[in-house]
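Comments concern the structure below.
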Amino acid sequence: MALQLLQQLCFSAPLTRAVHRRSVSISFRSIMCATATTTTTTTATVTIPSTSTSKSTTTRMPHVDPHVLLGMSEKDLQELAIDFGEQSYRGKQLHHLLYKTKAKDIQDFSHLPQAFRNCLQEAGWKVGRSKIHDVVTAADGTIKVLLKLEDNRLVETVGIPVEDNKGSSRLTACVSSQVGCPLRCSFCATGKGGYSRNLQRHEIVEQVLVVEELFKRRVSNVVFMGMGEPMLNLKSVLEAHRCLNKDIQIGQRMITISTVGVPNTIKKLASHKLQSTLAISLHAPNQRLRETIVPSAKSYPLDAIMKDCKDYFLETGRRVSFEYTLLAGVNDKVEHAAELAELLHSWGSGYHVNLIPFNPIDGSEYRRPYKKAVLAFSAALEARNVTVSVRQTRGLDASAACGQLRNEFQKSPLLAASDISENLSMASAV
C-alpha cells in the first residue's frame, strides 16, 4: 500500500507538472508523512490519497487530523507549500485564505494556482470546515450555532454581542471542546445529552470563524465554556488557543479557559504560562455540597483544587476566576456566600467570583433563583471583600444554556468508564 501511495504521489499528473515547472521535488519529509498516514490507527477519517466519502462513527478520533489546513500556523503552511514544490509565499497566501478570507474549500483558494490546489486535494488535504446544521437567534442578539462535524456529530457554539454603557461593543464566542461531556454535572444540559469524543483543534478554531461570519465582525473574546471539559482535551485546547491568539489575533487576555477541575491539569496549564484567564466552575462553598452538584468532585477535593489555584496564581501572576451557578434553594443562601468568602480568603487573595443565575433546562430538578436572592448573595460576598460580578443571562429563548440545542437534535450514548480513564491519561500527558 505504501508503494502504491508513493507512486501515486510522485506520478500523478498535476503533481508532476508542479514539480517539473519549478525543477524541485517534494521533500522526503512530505512523502514520509503521507506514507505514515496510511498506517495510522483506523479511527482516522482521512487517508492519503483518498476519494472516500464515508463517515466514521467511532468515538475515538486522532488528536489532530494530519491533513487539515485549519489550525496550522503560517510557518507550517509555508513549509507545506515548499513540500509541494511551491515558493514559501504561497504558505502566506494559504494563511490569509484560511483566517482572513475564511475559505471553506481548497478550490475556493482563488489566489493559488489551479495545479497547486489540485495537488493539495489529491494528497488528501482539506480545509477542515464543517457544515452549519442549525442556527437560532435570540431576541437579545445572541446566536447559537449547531455544527455538523465530519462524523455527523453535532456541536454547539454561541456568539454573544455585548454593548457597554460607554458605547463600545464586544463579541464573545463561547466554544465547545468536546462533543458532549463525560463529567455529567447535575445542572448541565450537555451532560444529559451524553458524550462522544474530544474535538480536534480545527473543530474548535472553526467555531470562532463561524461566529465572525454570522455577525460579520471580529470576535473580541473567546471563552471555553461550551460543551465539554477543556482540561480533558487539553492538548487540542492549547493548540486551538495558539491558533486563536497567533493566527486569528485574539489577545491571550481576551481568552478564558473554564474547568470543573481535573486532577493535575491546572499544574499542566500553569506550566505554559498563558496570559489567559483560568475559570474554575466551583458551584459550592464546601466539599459535601459540591459532590452533589458536581459528581467528579469526589476525585478532586476542594482543598486540592484551591491549592492548585493558589499555585497557578503564583506561577502565572494571573488571578483565578470562580464560576458559581446559583441554584434556587440549593447553594444560593447568604450563609453559602459567607462560607464561600471564608474559603477564598483562607487560600489567599486576588480571586474573582462570577455569579451565574441558573439557566433553566428541560427535565431539570433545579430552579432559577429570584433576583432578590442573587443580589443578596452578591452583597454578602462584597461585604466580605470578595470581588464579584453577576453574569447577565443571554439567549434564554435560543436554548442558550450549554448543550440544550444539541440535545434537541441528537442524543449520544454515554461514555464508557474505560474511555473516561483514557481521557484523563491524555490530559496528564500534555
Query raised in the report: Which order do 203, 291, 382 take by accessible area at a 1.4 Å probe, largest first?
Result: 382, 291, 203
**Report entry** Distance violations [Cα-Cα > 32 Å] among 104/166; 148/267; 148/307; 92/148; 92/166; 144/371
**Finding:** 104/166; 148/267; 148/307; 92/166
Query raised in the report: Rounded, prolate or oblate: which fits the stretch 131-398, taking a ≥ b ≥ c as square roots of the Cα gyration tensor eigenvalues, rounded meaning a/c under 1.5, else prolate when a/b beats b/c?
Result: rounded
Query raised in the report: Given a Förster radius of 60 Å and the C-beta distance between residue 264 and residue 88 as r, what FRET efficiency does 1/(1 + (r/R0)^6) yield to the nearest 0.05?
Result: 0.90
Query - For residue 390, distant residues with modelled amide H under 5 Å away - result: 355
Report task. Between residue 292 and residue 392, with labels modelled 7 Å along Cα→Cβ, what's the label distance in nm to one decimal, could you check? Result -> 3.4
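Run the numbers for residue 372 and residue 334: contour at 0.36 nm per residue of separation, minus the present Cα-Cα distance, in nm. Numbers along the way, then the final one.
Numbers: separation 38, 0.36 × 38 = 13.68 nm, distance 1.13 nm.
Answer, rounded to one decimal: 12.6 nm.
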Query raised in the report: In the stretch 279-321, which residues have a backbone nitrogen under 11 Å from the label point lying 7 Å from residue 345's Cα in the Cα-to-Cβ direction?
Result: none
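Nearest 5 percent is fine: what portion of the DSSP beta bridges confined to the stretch 131-398 is antiparallel? Numbers along the way, then the final one.
Values: 21 of 45 bridges.
In the stretch 131-398, approximately 45 percent of DSSP beta bridges are antiparallel ones.
By its C-alpha gyration tensor, with a ≥ b ≥ c as the square roots of the eigenvalues, how is the stretch 74-123 shaped: rounded for a/c under 1.5, else prolate for a/b larger than b/c, else oblate? Mind dumping the intermediate values first?
Numbers: a/c = 1.76, a/b = 1.08, b/c = 1.64.
The shape class here is oblate.
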**Report entry** Prolate/oblate/rounded call for the stretch 240-359, Cα gyration tensor, a/c under 1.5 rounded
**Finding:** prolate
Report summary line: Given a Förster distance of 25 Å, the FRET efficiency implied by the Cβ-Cβ spacing of residue 139 and residue 213, rounded to the nearest 0.05, works out to 0.70
Requested in this report: Pick out, from 204, 248, 136, the residue whose Cα sits farthest towards the positive end of the charge dipole of the stretch 131-398, with +1 on the Cβ of Lys and Arg and -1 on the Cβ of Asp and Glu.
Outcome: 248
Requested in this report: Set Lys and Arg Cβ to +1 and Asp and Glu Cβ to -1, take the dipole of the stretch 74-123 about its Cα centre, and tell me which of 121, 80, 96 lies farthest positive.
Outcome: 96
Requested in this report: Find the relative contact order for the stretch 74-123 and round it to a whole percent, using C-alpha pairs within less than 8 Å whose residues are 6+ positions apart.
Outcome: 28
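Computed FRET efficiency, Cβ-Cβ of residue 314 and residue 75, R0 22 Å: what is it to the nearest 0.05? Please list the in-between numbers first.
Working: r = 33 Å, r/R0 = 1.49.
E(calc), rounded to 0.05, equals 0.10.
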**Report entry** Cα centre as origin, Lys/Arg/Asp/Glu Cβ charges: the stretch 74-123 dipole, Debye
**Finding:** 260
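The values are calculated or read from the model by the stated rules, or taken from the named source; none is laboratory data. In this text, all values refer to a predicted model and were calculated from it rather than measured experimentally. Counting neighbours? That spans all protein chains shown, and the Cβs are built from the backbone with ideal geometry, glycine included. Please note that ligands, DNA and RNA were not included when accessible areas were found on the heavy atoms of the full protein model with its side chains. Shrake-Rupley method; radii C 1.70, N 1.55, O 1.52, S 1.80 Å.
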